[in-house]
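Dumping the structure here so I can ask a few things about it.
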Amino acid sequence: MKQHAKSASEDAEHSRLRRVSGRHNPRVKEFRQAFHRGELTSAGECAIEGVKLVEEAIRSGQRLSEIFFSESARPLAEKLLPQIGGRVEILLMPDSLFKSIVPSDAPQGVAALVKIRVLSAEQLLERADVGPIVVAAGLQDPGNLGTILRSAEAFGAAGAFFTEGTVSPYNSKVLRGSAGSIFRLPVVQITSAALIPLLRRRGARLVATSSHKGTPLPKATWTLPLAIFIGNEGAGLSRELLHQMDETVVIPQAAQVESLNAGVAASIVLYEAARRRRPRPDGGA
């Protein structure tokens, strides 16, 4: 009897798999375009790829619109099916078609369209007392931005703003580098001209990071509300933005080293901000 029930359950799960083989299927085309553009679709969906990222999306309570499996990943599909809501459309496609869509050189056979909750700048700023706000201002390397998002969540940041010139947070390499933090950390895309007045009205201190001169990291002030600006990998923050900062923080380092990687520098600053906010066991600051 139990074996019969198990078989019926497996049959029901298998029946959810819908085969598609045409490159011109409307959903396949939208899926391909979502990866190619690295932006949200018109329906507010984000394209993700890989077992880890799909599992993180599910674990984080994200709403999957569709999930795609390659034919060779069918055993993986059978493993993940019990975790996938009944309203999610599940597509099974030939390996060659799957590989032509996803950006990875070594695809794992699973990808999905995830409905992302988009916040307003005001909604993110309501969290300003939770932790520092990260502002990515002109960051262009997706690996750096992914690392910063991961560190921002790890060290208790309130969220992140992305200003003009910054790579999209929905770029596949950013998503992969964030290791799922993109699903849990509030993020908003906005221009710096619109953001600065909002931060000022909130009473936030604006802090820039520098590899050359400024307040040594151990002596910096980390009182909330606080916005930490991370500039372009090569040029740093624009002069216009630098003139609007309340403080510039420098990470002490060996003189022969020109600068730290932007992702590394941001992670160190976020760790220090978290460490200084944490009460000491003896009650000191």
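The values are calculated or read from the model by the stated rules, or taken from the named source; none is laboratory data. What you see is a predicted model, and the numbers here were worked out from it, not measured in a lab. FYI the Cβ positions are ideal-geometry reconstructions off the backbone, even for glycines, and counts take in every protein chain you see. These area figures cover heavy atoms from the full protein model, side chains too; ligands, DNA and RNA do not enter into them. Shrake-Rupley method; radii C 1.70, N 1.55, O 1.52, S 1.80 Å.
Scan segment 178-206 residue by residue and report those that are touching a strand residue (DSSP E or B) at 6+ places or on another chain (Cβ under 7 Å), touching a residue at least 60 places away in the same chain (Cβ under 8 Å) and aliphatic (A, V, I, L, M). Even if it seems obvious, please write down each step before you answer.
Keep residues of segment 178-206 that are touching a strand residue (DSSP E or B) at 6+ places or on another chain (Cβ under 7 Å), which gives 185-190, 192, 195, 199, 204-206.
Filter once more, keeping what is touching a residue at least 60 places away in the same chain (Cβ under 8 Å): 186-188, 190, 195, 199, 204.
Correct list: 187, 188, 190, 195, 199, 204.
Are there any pairs, at least 6 apart or on different chains, whose C-beta atoms fall under 7 Å, with the first in segment 239-256 and farther than 12 Å from residue 229 by Cα and the second exposed (fewer than 13 other Cβ atoms within 10 Å of the Cβ) and hydroxyl-bearing (Ser, Thr, Tyr), and if so, which?
That search, which allows pairs on different chains as well, returns nothing.
Determine whether residue 69 is among the aromatic types (Phe, Trp, Tyr) and farther than 17 Å from residue 46 by Cα.
Numbers: among the aromatic types (Phe, Trp, Tyr): yes; farther than 17 Å from residue 46 by Cα: no.
Answer is no for this residue.
Inside segment 89-190, counting only strands (runs of 3 or more DSSP E) that do not spill past its ends, which hold 3 or more residues that are open to solvent by less than 10 Å² (accessible area, probe 1.4 Å)?
Numbers: elements: 89-93, 110-115, 133-137, 159-162, 187-189.
So the answer is 89-93, 110-115, 133-137, 159-162.
What is the residue count in segment 57-84 for residues that are in a helix (DSSP H, G or I) and touching a helix residue (DSSP H, G or I) at 6+ places or on another chain (Cβ under 6 Å)?
At the first step, the residues of segment 57-84 found to be in a helix (DSSP H, G or I) are 57-59, 71-83.
Now drop any that are not touching a helix residue (DSSP H, G or I) at 6+ places or on another chain (Cβ under 6 Å), which leaves 57-58, 71-72, 81, 83.
Total satisfying the criteria: 6.
Right, something else. Does residue 198 count as surrounded by fewer than 22 Cβ atoms within 10 Å (Cβ to Cβ), touching a helix residue (DSSP H, G or I) at 6+ places or on another chain (Cβ under 8 Å) and under 28 Å from residue 272 (Cβ atoms)? It would help to see each step written out before you state the result.
On the way: surrounded by fewer than 22 Cβ atoms within 10 Å (Cβ to Cβ): yes; touching a helix residue (DSSP H, G or I) at 6+ places or on another chain (Cβ under 8 Å): yes; under 28 Å from residue 272 (Cβ atoms): yes.
In short, yes.
Would you say residue 126 is under 30 Å from residue 198 (Cβ atoms), of a type in the set (D, E, K, R) and in contact (Cβ under 8 Å) with a residue 60 or more places away in the chain?
Working: under 30 Å from residue 198 (Cβ atoms): yes; of a type in the set (D, E, K, R): yes; in contact (Cβ under 8 Å) with a residue 60 or more places away in the chain: no.
Here the answer is no, as residue 126 does not meet what is asked.
Which of the residues belonging to segment 204-223 are open to solvent by less than 50 Å² (accessible area, probe 1.4 Å), assigned to a loop (DSSP other than H, G, I, E, B) and farther than 16 Å from residue 267 by Cβ? Working first, answer last.
Taking segment 204-223 and keeping what is open to solvent by less than 50 Å² (accessible area, probe 1.4 Å), we get 204, 206-211, 214-215, 217, 220, 222.
Within this subset, residues satisfying the condition of being assigned to a loop (DSSP other than H, G, I, E, B) are 204, 211, 214, 220, 222.
Within segment 204-223, 204, 214 meet the criteria.
Oh, and also: Condition check: among the basic types (Lys, Arg) and touching a residue at least 60 places away in the same chain (Cβ under 8 Å). Does residue 115 satisfy that? Steps first, answer last, please.
Numbers: among the basic types (Lys, Arg): yes; touching a residue at least 60 places away in the same chain (Cβ under 8 Å): yes.
Yes: the conditions hold for residue 115.
If I go through segment 223-279 residue by residue, how many of them are among the aliphatic types (A, V, I, L, M), within 25 Å of the chain's Cα centre (by Cα) and modelled with pLDDT under 85?
2
Go through (1) surrounded by 14 or more Cβ atoms within 10 Å (Cβ to Cβ); (2) farther than 23 Å from residue 140 by Cα for residue 241 and report which single condition fails.
Looking at each condition in turn, residue 241 falls short on (2).
Pick from segment 224-237 the residues that are of a type in the set (Gly, Ala, Ser) and open to solvent by less than 60 Å² (accessible area, probe 1.4 Å): which of them is farthest from residue 267 (Cα to Cα)? Outline the logic, then answer.
So the first thing to find is which residues in segment 224-237 are of a type in the set (Gly, Ala, Ser), and the list is 227, 231, 234-236.
Now drop any that are not open to solvent by less than 60 Å² (accessible area, probe 1.4 Å), which leaves 227, 231, 236.
Numbers: 227: 14, 231: 14, 236: 16 Å.
So the residue we want is 236.
Please state which one of 164, 153 is free of Cβ contacts under 8 Å to residues at least 40 places away in the same chain and more than 16 Å from residue 240 (Cβ to Cβ).
Working: 164 fails: more than 16 Å from residue 240 (Cβ to Cβ).
Among 164, 153, only 153 is free of Cβ contacts under 8 Å to residues at least 40 places away in the same chain and more than 16 Å from residue 240 (Cβ to Cβ).
What are the residue pairs meeting all of these: first residue in segment 31-55, first residue within 17 Å of residue 69 (Cα to Cα) and in a loop (DSSP other than H, G, I, E, B), second residue modelled with pLDDT under 95 and open to solvent by 50 Å² or more (accessible area, probe 1.4 Å), Cβ atoms under 9 Å, and 6 or more apart or on different chains?
Sorted first by the residue in segment 31-55, then by its partner, the pairs are 50/108; 50/176.
Test each condition in (1) open to solvent by 10 Å² or more (accessible area, probe 1.4 Å); (2) of a type in the set (Gly, Ala, Ser); (3) at pLDDT 90 or above for residue 86 and report the one that comes out false.
(3)
The rows are residues; the columns are (1) closer than 14 Å to residue 267 by Cα; (2) modelled with pLDDT of 95 or more.
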site	(1), (2)
151	yes, yes
156	yes, yes
172	no, no
190	no, yes
